[in-house]
1. Please give the length that would be gained between residue 19 and residue 3 if that part of the chain were fully extended, namely 0.36 nm times their separation in residues minus their C-alpha to C-alpha distance (nm, one decimal).
2. With springs only between Cα atoms under 10 Å apart, run a GNM on the chain and tell me which of 21, 59, 87 wobbles the most.
3. Between 72, 116, 46, find the one with the highest GNM mean-square fluctuation for the chain; connect C-alpha pairs within less than 10 Å.
4. Nearest 0.05, what FRET efficiency do residue 53 and residue 108 give at R0 = 30 Å with Cβ-Cβ as r?
5. Of 12, 99, how do they rank once you tally other Cβ atoms within 10 Å and put the fewest first?
6. Report P(r) for the chain: all Cα-Cα distances, bin width 5 Å, range 0 to the bin holding the largest distance, values in whole percent.
7. Picking from 64, 135, 29, which is most flexible by a Gaussian network model of the chain using Cα springs under 10 Å?
8. At 222 nm, what helix-only mean residue ellipticity would the chain give, in deg cm²/dmol to the nearest 500, using -39500 (n - 2.57) for each DSSP H run of four or more?
């Protein structure tokens with residue numbers, strides 16, 4: 001069975017409370033349920049994690065090799081700062097979809113650069129919580145075409 005890892009970076013544990021004008025009122029628990037429902041409908045397994053620790057996210061990416069078929073990554077602020085995440089993604093040789101709740105290109109200039117985009121399968125941004133099930137479906141389709 002196809003398995004997808006959904007990783008969430010720093011401050012995403014505060015969704016629903018943090019800057020609702022930017023990130024909405026949906027909590028990370030709500031998003032996890034949306035992802036699990038979509039995965040169940042598609043017949044895929046899903047694992048869902050969040051960490052504020054860059055090293056823990058790197059470890060989860062490394063551990064995904066051989067366990068999962070693809071990764072959906074909302075790296076939060078690490079998107080704009082972490083060469084280490086880019087290198088980890090390149091190293092595990094799994095397809096990765098970069099995901100953001102807000103449209104990072106319509107925000108502050110420092111958010112316009114992503115270290116992840118260059119090694120990602122694709123980018124979904126600006127659709128709020130709805131972007132997550134979109135990413136699950138997009139990864140499922142990609143993995144089906146790759147077989």
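No lab work stands behind these numbers, since they all come straight from the coordinates. Keep in mind that what you see is a predicted model, and the values were worked out from it rather than measured. Neighbour counts are summed over all protein chains in view; Cβ atoms, including those assigned to glycine, are modelled from backbone coordinates with ideal geometry.
1. 2.6 nm
2. Of 21, 59, 87, the most mobile in the Gaussian network model is 21.
3. Ranking 72, 116, 46 by mean-square fluctuation puts 46 first.
4. 0.80
5. Values: 12 20, 99 26.
Placing the least packed residue first, the sequence is 12, 99.
6. 2, 10, 22, 25, 22, 14, 5, 1, 0
7. Of 64, 135, 29, the most mobile in the Gaussian network model is 29.
8. Rounded to the nearest 500, the figure is -11500 deg cm²/dmol.
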